[in-house]
Amino acid sequence: MGRRRLAISNKRLNGQVVVVTGGNTGIGKETAYQLTLREAKVYIGCRDQTRGGAAVKDILSLNPKANIKLLSLDLSSLTSVRKCVEELSGLETKVDILINNAGVRCPELQTVDGFEMQIGTNHLGHFLFTLHLIPLLKKAPAGRIVTVASALHNFGQIDLQNINLRNGAYHPFFSYAQSKLANVLFSRELAKRLRHSNINTYSLDPGVVNTDLNRHFDKSAPREGTGANDGPWLKRKLLITTYMGCQTTLYCALEDGLANESGFYYENCVRVDHMIPEVTDDKMAKRMVAYEFGTNVMNMRRKCKSERRLDGKVVVITGANTGIGKETALQLSLRGAK
């Protein structure tokens, strides 16, 4: 597997706010812990509040001075994503670093919003979360968005006509690969759209890490005579620890030398310049983002909340025989206008 590199930056994060999704276990938990050692104020976003609370306690036991908070965040629910951003916006005036770390590998399941679970959680949830946090990131002196992808993006294909892989197209491996390719494409496209801002984006492969990411596929108990009892030993020998697995995340979050880089992909604390054609397909990246903005459930537009009545008022609307004008006329008539 080769020698693993460490993030060697000694940068302190006093006064900086960091948000880590999926910070209750694995790489995310270790990342959050390491950033508290650098004196950042860290929020971990977790679906399971019991496990999230336990993670906070664990980190405090290792670093009693840690400034770490728990947020409720279920990336498979777009409603939960919006509520989490609303809560965070009420607590902080800026976010310096966003680490999109959470991920899931699972059999064919569906999110509450009707998306295939892996693309819905690994990509679409983070897509919405990131876009909603951009205003807070813009208020930081230099914002960074770090997305934990995977080398398995190399096996991914984006099919916008069937992004949920229905009608027999589903396979858990290729679904996961698709979601990781989407992570890399989004990071790349976001860098282009934010090129005149104070925000940089990075995506990365953490390595093959010993975490519970595959918990949905692990057998509940070893079977006699199958060699399954060797599983833990093999994991220790073949997989890297969460400490080593979070190093490229820390590198992208902390390294001052990356201040002039944005939209790139990193492995083992090194930038990777030779990427597969699917990653450098800027037209697909634009189409993917346009698709996500165009999906009703991803709608970022605000609704008019006014309950004002217009009884006795006269309203004139030009071009009201169709489209927006027609709908505007209907909505105003419901409020009593002539």
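For the reader, a short list of remarks on this structure follows.
- Among Glu108, Glu39, Glu92, residue whose mean-square fluctuation peaks in a GNM of the chain (springs only between Cα atoms under 10 Å): Glu92
- Proximal aspartates and glutamates to Lys338, defined as alpha-carbon separation beneath 13 angstrom and excluding residues fewer than eight positions away on the same chain: Asp311
- Here Lys286 is the anchor, and the aspartates and glutamates within straight C-alpha reach of less than 17 Å, apart from those fewer than 8 places off in the same chain, are Asp159, Glu189, Glu278.
- In sequence order, calculated HN-Hα J values of segment 280-286 (Karplus, 6.51, -1.76, 1.60; Hz; x Gly/Pro): 8, 7, 5, 5, 5, 4, 5
- The chain: angle of helix 26-37 to the longest principal axis, Cα-based, in degrees nearest 10: 90 degrees
- Placed amide H near Gln110: partners under 5 Å, 5+ positions off or other chain: Met117
- Amide hydrogen neighbours beyond the local backbone of Ala40, cut-off 5 Å, H modeled: Leu13
- With contacts taken as Cα pairs under 8 Å at a separation of at least 6 residues, segment 43-169 carries a relative contact order of 25 percent.
- Most fluctuating residue given options Gly125, Gly45, Gly90, as computed from a GNM of the chain linking Cα atoms under 10 Å: Gly90
- Stretched out straight at 0.36 nm per residue, the stretch from Ile324 to Phe174 would grow longer than its current Cα-Cα span by 50.0 nm.
- Rough spin-label spacing in nm, given labels placed 7 Å along Cα→Cβ, for Ser89 and Leu239: 3.8 nm
- Prolate/oblate/rounded call for segment 17-294, Cα gyration tensor, a/c under 1.5 rounded: rounded
- Three-way shape label, segment 1-65, alpha-carbon gyration tensor, a/c 1.5: oblate
- Taking every DSSP beta bridge that has both ends in segment 17-294, the antiparallel portion is near 10%.
- Between 0 and 90°, nearest 10: helix 126-138 axis offset from the chain longest Cα axis: 80 degrees
- Solvent-accessible area, 1.4 Å probe, carbon plus sulfur percent, for segment 17-294: 52 percent
- Translational D in µm²/s for segment 32-131 (Stokes-Einstein at 10 °C, 1.306 mPa s, Kirkwood Rh from C-alpha pairs): 111 µm²/s
- Long-range amide H partners of Tyr266 with built H, under 5 Å: Ser203, Leu204, Asp205, Val272
- Solvent-accessible surface (1.4 Å probe) assigned to Asp205 amounts to roughly 20 Å².
- Cross-link pairs beyond the 22 Å C-alpha cut-off, checked among Lys69/Lys139; Lys29/Lys138; Lys139/Lys192: Lys29/Lys138
The values are calculated or read from the model by the stated rules, or taken from the named source; none is laboratory data. Just so it is clear, the model here is predicted, and its values are computed rather than measured. Reconstructed Cβ throughout: ideal geometry from the backbone, glycine too, with neighbour counts over all protein chains shown. Just so you know, the surface numbers come from the protein's heavy atoms only, side chains and all, with ligands and any DNA or RNA stripped out. Shrake-Rupley method; radii C 1.70, N 1.55, O 1.52, S 1.80 Å.
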